[in-house]
1. Taking segment B:252-272, which residues are at pLDDT 95 or above and more than 7 Å from chain A (Cβ to nearest Cβ)?
2. Do we find a residue being in a loop (DSSP other than H, G, I, E, B) and surrounded by fewer than 17 Cβ atoms within 10 Å (Cβ to Cβ) anywhere in segment B:45-55?
3. Of the conditions (1) in contact with a helix residue (DSSP H, G or I) (Cβ under 8 Å, 6 or more places away or on another chain); (2) surrounded by 22 or more Cβ atoms within 10 Å (Cβ to Cβ); (3) within 22 Å of residue B:189 (Cα to Cα), residue B:336 satisfies every one except a single condition; which number is it?
4. Out of all the residues in segment A:30-44, which are out of contact with any strand residue (DSSP E or B) (no Cβ under 6 Å at 6 or more places or on another chain), assigned to a loop (DSSP other than H, G, I, E, B) and surrounded by 18 or more Cβ atoms within 10 Å (Cβ to Cβ)?
5. Tally up the residues in segment A:189-207 that are modelled with pLDDT under 95, surrounded by 13 or more Cβ atoms within 10 Å (Cβ to Cβ) and within 14 Å of another protein chain (Cβ to nearest Cβ), please.
6. Against the definition (out of contact with any helix residue (DSSP H, G or I) (no Cβ under 8 Å at 6 or more places or on another chain) and not in a helix (DSSP H, G or I)), how does residue A:10 come out, yes or no?
7. Anything in segment A:193-205 that is assigned to a loop (DSSP other than H, G, I, E, B) and out of contact with any helix residue (DSSP H, G or I) (no Cβ under 7 Å at 6 or more places or on another chain)? List them, or say none.
8. Determine whether residue B:246 is more than 7 Å from chain A (Cβ to nearest Cβ), in contact with a helix residue (DSSP H, G or I) (Cβ under 6 Å, 6 or more places away or on another chain) and within 17 Å of residue B:154 (Cα to Cα).
């Protein structure tokens, strides 16, 4: 059985939501767990779930919580005690080096030492990334690991890479992101021949900033070699219309795109709710409309999409949202679990070093 | 009376929507027009409106169109014949130089020659920008003009600068964008002491790409000199929560943010509509919910916000959306008209050269 290391102390709702979500995932996807963090706190959460027999979750609907039965006795888990925790605001480089017994560093170590095949953390994104980089190392030939994020659209999801690991990039790095994203879309999302685009301003070749213009010919070359199916520039508004399955960008623009998507969606939903609340009739219609809006919300809610995958490191590292609920955490573990059985890192190495 | 030059041939729905929207604006905001383009086509549109006495518009609601009375005889307009049109796909630099009698180049000329005080175009953004730059020149001291876009949020609007004029920027350029955006928010949006932030990834100082890190101290210095109220990094998801009134960024990230906002909103609204259409009850509730959703849509619809303002050129240049309807065009002319009476370019020059 595959085992996944869990940073049980990382995230705004740790350890409760993290332990609940991991056990839920372990039960649903048949994986083992190594829960890393303060032993007594983790054990207390497990005891609580065991005594109750269930956890409560809204399953990403923002609606009523329902009971999810958890049979703790059937779950294969171990607890590894780690004494320290890295906080959200701490300087990343320092804390990783100094806090060798922090839950995130120790859970990465569980992968590095071969006890686990993947690590999932909802702690500080910077710390989780740095710990994975230092603890696991890069796949040979990979210039820089990058964050791959799977975003919901009207139809099938789109992979954005880099979602924020590398604020400043070179064209060579972006060309590798394209290859890594291509492997991910092909083997994890089962898209036979993923269309790969580059995030830009303006649709035609020659539009964009210096980085895009430098990267374009490299992607064209990969296309001509049959290594990717390059479809050219993708504008921000085209992210969600499935013009490309994989969209390559530097970590700055990628993270801006990601966060703007989150911000726009959140504002719109608030505006709709405010509009319904503007009079009594609206309140009534709003109540009737709620199940439909909830269905829609469930479709786009990041919690359902699980975590971001750090591609290019030796091992599998999933970085979950800091505000992860048990449902979000369950899905982050699912991302790790589906990635496990695909030997994706070997495929990345083969692609990059061809 | 102030006169505004209109590129009557620019935009997907030109000349009809452009002529309709300009006449509407002229009537509503009391400005004169110089309509530039193919004389017979423009005259035919005016004759049609005159014969009917009204135009039809949904006023940005995506709902039923209603009649807007237009009294053509009371509007002060002249037509300037221009024989050429620059298409959306044409190479910008070349077409601007070669097509001296294109509607966009000729309408900028109307400002350069002093007959008009502002120019509005819904044609190719690149061509409108280049024509304005070459035709009007930069305000003395301004390194690069930038596009200022006013975005809707839950409460008051936020100014994003640069929205796409300069794909590659230096820290010095961004520091000037901050000053230009500050002047705009202060004198056009009437915000007494605008909060100025810089778009970044991560909230704390020191987070971001090399450009943000280089710009941060310059903005701090302007803050310490009392020239702007710098509030630090703004993440993508914070764009809409009024943490800052002005958000500075390079034209690449700015345009990505802008287009992602548009794409996300459009996808969400389609998803909501699809959700309601999933069963008969949904169709009925959806019909009842429509007026509320329409109110919300009206609030965020870019058409209501008019055009983007090119700040830093000698003269006023408003670039409207290529898909501008008459309602969008009316609002683009409104942006020009409200900017006219504020002597904003003198204030920019004073700020930059202090």
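The values are calculated or read from the model by the stated rules, or taken from the named source; none is laboratory data. Remember, predicted model here, so these are calculated numbers, not experimental data. Glycine gets a Cβ as well: all are built from the backbone with ideal geometry, and neighbour counts include every protein chain shown.
1. B:254
2. yes
3. (1)
4. A:38
5. The qualifying residues number 5.
6. So residue A:10 does not fit the description; no.
7. A:193, A:202, A:203, A:204
8. Criteria met by residue B:246.
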